[in-house]
1. What ³J(HN,Hα) values, in whole Hz, does the Karplus curve 6.51 cos²θ - 1.76 cosθ + 1.60 give for region 126-131 when θ = phi - 60°, with x put for Gly and Pro?
2. Comparing Arg292, Arg15, Arg134, which has the greatest mean-square fluctuation in the GNM of the chain with Cα pairs linked when under 10 Å apart?
3. If I take every Cα pair under 8 Å that is 6 or more residues apart in the chain, average their sequence separation and divide by the length, what percent do I get for the relative contact order?
4. What order do you get for Met273, Met289 when you list them from fewest to most C-beta neighbours inside 10 Å?
5. What is the distance in Å between the Cα centres of region 24-86 and region 108-144?
6. Could you pull out which residues in region 34-68 have an amide N less than 18 Å from a spot 7 Å beyond the Cα of Val23, following the Cα-Cβ vector?
7. Please give the net charge around Leu309, taking every other residue with its beta carbon less than 12 angstrom from that of Leu309, where Lys and Arg add +1 and Asp and Glu add -1.
8. Looking at (1) 1.02; (2) 1.20; (3) 0.95, which value of Rg/Rh (Cα atoms, Kirkwood Rh) comes from a calculation on the structure shown?
Amino acid sequence: MAVSGSPLLSVEEARARMLAGVVPVGAESVALAEAEGRVLAEDLTATRTQPPFPASAMDGYALRAADIAAVPARLRVIGTAPAGRAFEGRLGAGEALRIFTGAPVPEGADTVLIQENAEVAADGTILALDATPRGRNVRPVGLDFQAGERLIDAGTRLDWRAVSLAAAMNHPVLQVRRRPRVAVLATGDELVRPGETPGPDQIVASNNFGVAAMVSALGGEPVDLGIAPDDEAAIGARIAAALETRADVLVTLGGASVGDLDLVGRTLGDAGMELAFWKIAMRPGKPLMAGRLGPMRVLGLPGNPVSSLVCAILFLKPLLRALLGVAPLLDPEVDAVAAVDLAANDHRQDYLRAEIESRDESGLPRVRPFPVQDSSMLTRLARADCLVLRAPNAPPLPAGGRCRIIPLS
């Protein structure tokens, strides 16, 4: 893996290289009750028309509008139609049918008088008090959708609304993308797992848990490969384990820089990884690596917690979306206003953790970057509402100037 002297890539070019040739993962069938959060693999069309008959939208009386054009009007009640049981017969002049919400409107009726606008007499007749026009409170056939109509597109992440619609379309089973398997490997002698007692020269690993949580939230299946020490054989064994689990993506944390003990890139190269890029003109996250090892995509994130998580937002999220067939691949960038002066930027694209403190008179968010942006400070990322983008070589931006942000919520 010859990388010495490689120029720094822009974020855009690096992402394009990473996503080149990515195709969505295969599909599987799941029961409708298990479909929430999954990504639909094929367009979904309605198998029936909804409603399949003219239906009452209210509790009241089905009748002919012509019979109550002048009110009060007396009508004879000839029966009852609850939801799920249609009245067998035809409504004639001067007649009404007690009807409930969702029940089929009988033949001959063309409107529904709500029950609050009717007085019931002791002899069973009603006195209509409102000249309800034709079609009022009647849901026509196909008001919601028609049989054969495409209602949910492939690539849709199924939330509670889409699941409810799929049920109404009479789909008990859905074809969804399988969850991409993402193996997460932290590396470094300095790391211990949460709950363990760190040695005098050690810290508690954190970014592997953040990356795994992001994978789950995006619809993937994280596979914990644990923490590998700074040893090529140990790292190689974990890489082999990722291949054995048929991971779609291997995410490594740390070990992709240029130090003598940064062994991940070397070990992956020895295993046959085809390198797509290494080193990006961005901050945080310059030592970022991507490639392919057999069928498995590889993304080597920096070891610093904030660097790895920001890089995961910018690279792992679009990769997972591409594997799931979800669009858009990238998080949206929106306009904002700087609440404070921003200094000129150098040759690397900057992503500043910031809070949204208010909105200006036009509704744009006013953003205030944290004064200290050290890539080890997770508290800043946990409190951040957005990332403020600073283009390479951007000039100073005075308070009140326009900037672009990536919202984090």
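Readers should treat all values here as calculations from the given coordinates under stated rules, not as data from a laboratory. Just so we're clear, the structure is a prediction, and the values are computed from it rather than from any experiment. Reconstructed Cβ throughout: ideal geometry from the backbone, glycine too, with neighbour counts over all protein chains shown.
1. 10, 10, 6, 10, 9, 7
2. In the Gaussian network model the winner is Arg134.
3. Working: 941 pairs, mean separation 64.8, N = 409.
Result for the chain is 16 percent.
4. Details: Met273 22, Met289 26.
So the ranking, lowest neighbour count to highest, is Met273, Met289.
5. Rounded to whole Å, the Cα centres lie 18 Å apart.
6. Residues passing the 18 Å test: 41-43.
7. On the way: positive: Lys317, Arg353, Arg380; negative: none.
Every neighbour counted, the sum reads +3.
8. From the options (1) 1.02; (2) 1.20; (3) 0.95, the structure gives (2).
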